[in-house]
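Below is one structure, written out as structure tokens; comments come after it.
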Amino acid sequence: MFEKNTEHQQWLEDSIANLDAAAGTIHVQRGEDLYLSAALRIPEPVLAIVAHVSHGKGMAGAAQLSKTPVQTCNLQDDKSGYIRPGAKAVGAQAAIAIPLLSKAGDVMAVVGFAWQKEGDPAEWVAQAPFPAKLAELTARLQAV
């Protein structure tokens, strides 16, 4: 399936609780691709699909390429082309994928969150204390 990182998993669980999100993932970049290191409330069939994300694929890959957050207000109705069928299987609505960048500007990881409501995820993740939590995870990744 995937190699779970216990530190990433704890960070993700705390963040999902803080954000009142329904589900989430952390993918770390190795080479050109992204590999799942933590997940919460992702259905087993979807875990198998997202354990390895090819360069630039899906929401996480779009965030990886653009080096900026990629979001949708409703996963089920999104027409952007970034939303893969597996993401819709989570059953959530609003979602965001946020790239974590090194000091040199390289993507180290992409964190993703989904909610059971429509809305603007960028607003939700901008509220304190979440930006500090993102900075904390970024610092941990840079130290590796």
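Just so you know, all these numbers are worked out from the coordinates, no wet-lab data involved. Please read these numbers as outputs of a predicted model, since none were measured by experiment. Neighbour counts are summed over all protein chains in view; Cβ atoms, including those assigned to glycine, are modelled from backbone coordinates with ideal geometry.
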Where Cα atoms sit under 18 Å apart: lysine pairs in region 6-143 separated by 8 or more or lying on different chains:
8
Dimensionless Rg ratio for region 9-56, taking C-alpha atoms and the 2.2 N^0.38 Å reference
1.18
Per-selection Kirkwood Rh - region 6-143 (Cα, Å, 1 d.p.):
14.6
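Can you tell me which of 109-117, 38-46 comes out highest on packing, and rank the rest after it, using the mean Cβ neighbours within 10 Å? Please list the in-between numbers first.
Details: 109-117: 22.7, 38-46: 16.8.
The peptides rank, most packed first, as 109-117, 38-46.
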